[in-house]
1. Please give the contour-minus-distance gain from residue 257 to residue 89: 0.36 nm per residue of separation, less the Cα-Cα distance, rounded to one decimal in nm.
2. Measuring from label point to label point, each 7 Å out along Cα→Cβ, what is the residue 387 to residue 369 span in nm?
3. What number, rounded to the nearest 500 deg cm²/dmol, is the helix-based mean residue ellipticity at 222 nm of the chain, given -39500 (n - 2.57) per DSSP H run of at least four residues and division by all its residues?
4. Any idea what the relative contact order of the stretch 343-503 is, in percent, if you count C-alpha pairs under 8 Å spaced at least 6 apart?
5. Based on the mean of other Cβ atoms within 10 Å per residue, sort peptides 270-280, 216-226 so the most packed one is first.
6. How big is the Kirkwood radius of the chain, worked out from every pair of different alpha carbons and given in Å to one decimal?
7. Per residue and in Å³, how big is the convex hull formed by the alpha-carbon atoms of the stretch 243-305?
8. If you line up the long axis of helix 434-448 against the longest principal axis of the chain, both from Cα atoms, how many degrees apart are they, to the nearest 10?
């Protein structure tokens, strides 16, 4: 059996998005599961739109996802170069081979003639195929016209038989040759200037010469495949296995796009989605494991489980709730030190922590404790600053005016509880420890006769601005330790918070 070789071949014309990232992942999983080779090839023949910054970004995104390629830019390999713009001479040699063998021909039709033919076909409800006007020009005559400087394109002669291929997801697929007009292989250009080869042509040459055994890509390429099969046949090359992945839809069942929110890999990263969560989720878009309804998979699990035969042809719907569910799981179970490193930029950007490079050990320790308060209650890391904001500032007026808070604070029992608690805070010295807090709350309970949420909610609102939040045993040490540190934004101690809230001090 021939070795498995797959490729991910993006165009560097924009950001790497969900659909292409899933394609890269499925290729990577198939290669790793079969002991094969994962090739990265940059398809940059769209000169006007291709940019180096997009190429660098897509490689950075792949590495962030953990999808390292075995051959490609930077790493090199036996079939280099891996950028199509650096392979133009190779394509030109293959074009000459096709012309010499009569498998392709020069087409001298100009744009106006082609448009007139298209309009005529529309008027008679005929297929808008190329009329074949230049198909019968003798090769010698075509060669002479080209050498005289006349501009031409190169077209492939489509054979007089159905074009077939096997799709591992959809089964056998066949296109009647009548539906495929002689496609352009090289766009119009003089012999001296050279024309630019088109996607369906160069991708086939590259796949064949690089020994690609399985072409795994989006189902938007199905209509391209018969043209590529025709190129394989023209050169006498074996046709690879194909697997066309289903479309990814938004919640409205329309094709996923910018209107459904930020869906570039860079945007997920910027929002604080963990790469392992995104990889786990992308794998579930159109694929399912062989047994049960298990949804949490490490990359190693996915390599063991993944089978192309279990990829569905039905469209997959992108579900933010499920992505957030997986991200919460990895936030809760991840390595604490790594999560702190990932969270730090979000808190630095909000002015809550100093830059990592100049951080005292006690600040790092406090930041780790602070992070532990909130990881269980966020969907993604960019929510941390809003969750942690009360540690640095509680707006007394806004807190008192908020509906649920107002209902709690205006009760007579709440005023009694806050007055009794504040008296104990004022009479004490030193930090307010969890043990001391429990002692005071028991005393307040005995003094006022108030208990349960009526006892604790007023105090929590005064300390945090909300009647719900982290457990006091974990919260109080973070407040008191933070108040002792020099931070970009100061943390107010329990004593300062109570005084400010009760008396309205700034």
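1. Details: separation 168, 0.36 × 168 = 60.48 nm, distance 3.65 nm.
Full extension of this stretch gives 56.8 nm more.
2. 1.8
3. Taken over the chain, the calculation gives -14500 deg cm²/dmol.
4. Numbers: 155 pairs, mean separation 49.5, N = 161.
The normalised contact order for the stretch 343-503 reaches 31 percent.
5. Working: 270-280: 20.5, 216-226: 17.9.
Order by mean packing, descending: 270-280, 216-226.
6. Working: mean 1/r = 0.0361 Å⁻¹.
By the Kirkwood definition, the hydrodynamic radius is 27.7 Å.
7. Working: hull volume 7.4 nm³, N = 63.
Residue-normalised Cα hull volume stands at 118 Å³.
8. With both axes taken from Cα atoms, the answer is about 60 degrees.
Readers should treat all values here as calculations from the given coordinates under stated rules, not as data from a laboratory. For clarity, every value in this text was computed on a predicted model and none was experimentally measured. Here the Cβ is made from the backbone with ideal geometry for all residues, glycine too, and neighbour counts use every protein chain on show.
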